[in-house]
1. Using Stokes-Einstein with the Kirkwood hydrodynamic radius over Cα pairs, what translational diffusion coefficient do you get for segment 291-340 at 10 °C and a viscosity of 1.306 mPa s, in µm²/s rounded to a whole number?
2. List, largest first, the extents of the alpha carbons of segment 186-367 along their principal axes, each in whole Å.
3. Compute the distribution of all C-alpha to C-alpha distances in segment 63-147, in bins of 5 Å from 0, and list the percent of pairs in each, rounded to whole numbers.
4. Choose one answer from 161, 196, 213: the residue with the largest mean-square fluctuation in a GNM of the chain with alpha-carbon springs under 10 Å.
5. Need one number: the % of Cα-Cα pairs in segment 308-373 sitting beyond the 14 Å mark.
6. Where in segment 88-126 does the amide nitrogen come within less than 18 Å of the point 7 Å from the Cα of residue 52, taken along Cα to Cβ?
7. In what sequence, highest mean first, do 225-235, 290-300 appear when ranked by Cβ atoms within 10 angstrom?
8. May I ask you to work out the translational diffusion coefficient for segment 12-96 at 37 °C, viscosity 0.692 mPa s, via Stokes-Einstein with Rh from the Kirkwood sum over Cα pairs, reported in whole µm²/s?
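Nothing in this text is a laboratory measurement; each read-out follows from the coordinates by a stated rule. No experiment lies behind these values; they were computed from the predicted model shown. Positions of Cβ are generated from backbone atoms using ideal geometry, with glycine treated the same way; all protein chains shown enter the neighbour counts.
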Ligand code: ADP
Ligand code: MG
């Protein structure tokens, strides 16, 4: 398998995963003239709705993966938890971009933090917690701290906040292995979408600011309202990780901008990312097209932002009820994912509101951008 292959428009890009990230990647791929083949255990799903063809089956079934690979020229993913064996199987058949090794690193918080430390970027102080015996040593990290499951966590799931030694002592029946991290008193949460091409070109979108609600991303402000040197430092950090990992494709890098001014990496996601959805309306070439270009081996344009943007996630039935009012809101670009059931906490869509550069609304005006909940 030649890992340097370029796939011209007309080729078939395989996407593993049927969710909204796959859906928006598929739309970007078809804009550039690619066929898209989706692997999804569920049918219909947000991505299968917009794909040329679909394999319906389990991510961990070798026969399914083999059939899927045989129908694609190059493979990428939006679903992150494909097994190491599954990734190896896919890589025997087709180029996988980003490489399976990068996905494997990001799947496990201990592997991820170990690799990021080797790369030399700063992280929140952390310890691996493999069993109850490791809890005793955590006082050295300081309180408050946070325990996270090493695998399968998303949207704040699998996390336990520990305010003090007493709460730590009271913990029982934890789902080991875990990582413990010192809670960072952050000024802001930032993220950078970084994309690296086959020829080594690295492009970073502007650093943005993320706000969470109930553990789920609520709002992204683009650009982040930080000093230019902090924004540049965030991009440099993301570029350094992408280069060190030999990334081909896009990756989201989540960071904390601590109260003392320092930047720390929280986690990486080697795929399009919710905090990059603002690019769909504020950049000529958005995160999904950048990703598709990199996966296909095409060149990358500069990641230029023509407008400022505020992205609001639409979560669960409560936000879906706002859609009629959003449809008549001036300046709001609505993206829905085609999910049939608006369950509590489920990401149903997002709205981008764009502004001329430098005209991002202030804190108070932010509240009134969309109709109230
Ligand atoms: P997930 O995989 O669920 O996104 P994260 O590690 O990104 O997990 O944690 C989710 C959110 O929890 C973060 O975006 C941040 O708001 C908060 N958080 C996580 N770790 C820390 C930490 N060490 N200090 C402060 N806040 C944290
Ligand atoms: Mg996160």
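1. Values: Rh = 14.1 Å.
This corresponds to a translational diffusion coefficient of 113 µm²/s.
2. If we take the Cα atoms of segment 186-367, the spans are 45, 41, 31 Å.
3. 3, 12, 19, 16, 13, 11, 9, 8, 5, 3, 1
4. 213
5. Numbers: 1221 of 2145 pairs.
Result: 57 percent of Cα pairs exceed 14 Å.
6. 94-95
7. Details: 225-235: 16.2, 290-300: 23.4.
Peptide ranking by packing, descending: 290-300, 225-235.
8. On the way: Rh = 12.2 Å.
Answer from the Stokes-Einstein relation: 269 µm²/s.
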